[in-house]
Structures are given as structure tokens and as C-alpha cells.
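First the structure, in the form of C-alpha cells, and then the observations on it.
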Amino acid sequence: MKKHNATGRSVNDGRYFQMYEWFMKSTAWLHASVYEKSLYCELKRRFNGSNNGDIPMSHREAEKLLQCSNKPVAAAFAGLQQKGFIKATKKGSFDWKVHQEGESFGRSSRWELTELPVDLPVRVLSGPTKDFMKWQPPKEKSAVCPEHTSGTLKAHHNKELVRSEHTIQRGVYACGTR
């Protein structure tokens with residue numbers, strides 16, 4: 001049963017956000033770093049239901065929220081954009097100042113979550129783009145040189161490199177000891 005206040009209205013338990021199972025099983029989410037996942041949760045926490053496309057978050061704010069330095073935060077923003085989780089709608093800058101009540105403040109970047117439909121500046125009826133669902137991890141390069149993949153020795157291999165006898169002399173130690 002819901003809680004009620006003195007006027008008889010129900011009291012809410014506060015704000016929350018959902019993380020869908022299909023979202024968390026996506027290839028992009030599974031390949032995201034811990035910093036990328038934490039930053040995405042902080043961005044989604046700032047979504048209030050009608051401000052997608054205008055979610056404010058600067059790098060400095062993200063550093064404080066994630067309690068880390070600027071390098072992982074910059075990499076997390078770049079990774080989230082590259083994987084298609086977020087899009088920058090307005091880029092912030094230290095040079096772009098807004099004056100309020102005699103003080104100047106830098107304007108933070110504004111972000112869009114591609115999981116959700118865009119609300120600002122105008123609500124888009126086509127729905128969310130979900131660009132992250134199309135993301136695929138980059139193909140890994142093979143560590144083996146292509147000329148050695150057949151399993152046979154090539155002519156340029158020197159058979160003298162591998163010896164069957166011991167090469168360490170008895171009684172000789174490293175660094176001239178003993």
C-alpha cells in the first residue's frame with residue numbers, strides 16, 4: 001500500500017532510472033569500460049523525462065562524480081560517443097561564458113542519450129536512434145605473421161638457433177659471482 005501525506009496524496013519514493021536487459025546485453029555495453037558505464041549512469045541520472053538532448057555534463061563535473069582524473073573521463077566520453085550511446089548536442093567551452101548576477105560561468109556540454117527519444121529542442125516522433133545496437137567491436141589483428149601460418153619452416157629460418165645441448169657452462173654464474 002502506498003504511503004500518504006497529511007493531505008491524502010501519495011508520497012513518491014524519489015527518482016529512479018531503468019536499465020533494460022536488452023540494453024545491458026548489447027555488444028557495445030558488454031565492451032564498455034567501467035568508466036564508460038559509470039559515466040553513462042551519471043548522464044542517465046540527470047535525465048528528468050523531458051530533457052534528452054539537453055542533459056548538462058562537463059568534464060569537470062564528471063571527474064568529481066566518478067572520482068577520477070581527466071584522462072579516464074575524456075576517454076569515457078569519447079568511448080560512449082564512438083560506441084553510439086551518447087551524442088553531443090552542444091559542445092561546452094571555457095571560452096564561452098555566460099554571465100549571471102555578476103559572475104561568469106563556463107557553459108557545459110549538452111548530451112543526448114540515443115537510447116531515448118530526443119525531447120529538446122523539439123520532441124522527435126521517430127523515436128530513439130539506438131546507435132549503440134549497430135556497434136561492432138573492431139576486428140583484432142592476428143599476432144602471428146601471415147608467412148608463418150602454414151606451420152612449416154621457411155627458408156630464412158636458421159636451424160642453428162635451437163640447440164639440443166646445454167649452453168650454460170658448469171660453475172659459471174651470473175654477474176661474475178663465485
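Every read-out reported here was derived from the displayed coordinates using simple, explicitly stated rules and does not represent laboratory data. Owing to the predicted nature of the structure, the values given are computational and were not obtained by experimental measurement. Cβ coordinates were reconstructed from backbone atoms using ideal geometry, including for glycine residues, and neighbour counts include every protein chain displayed.
Using only the C-alpha atoms of the stretch 21-134, find the volume of their convex hull and express it per residue in Å³.
117 Å³
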Check: Hey, got the dipole for the stretch 21-134? About the Cα centre, +1 on K and R Cβ, -1 on D and E Cβ, debye to the nearest 20?
Finding: 240 debye
Check: According to a simple spin-label model (label point 7 Å from Cα along Cα-to-Cβ), what is the distance in nm between LEU30 and THR89?
Finding: 3.2 nm
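How much length is gained on full extension from GLU21 to ASN70, taking 0.36 nm per residue of separation minus their Cα-Cα distance?
On the way: separation 49, 0.36 × 49 = 17.64 nm, distance 3.04 nm.
Full extension from GLU21 to ASN70 adds 14.6 nm.
What does the charge count around ALA28 come to, taking other residues whose C-beta lies under 9 Å from its C-beta (Lys +1, Arg +1, Asp -1, Glu -1)? The partial results should precede the final answer.
Values: positive: LYS83, LYS134; negative: ASP131.
Counting the neighbours of ALA28, the net charge comes to +1.
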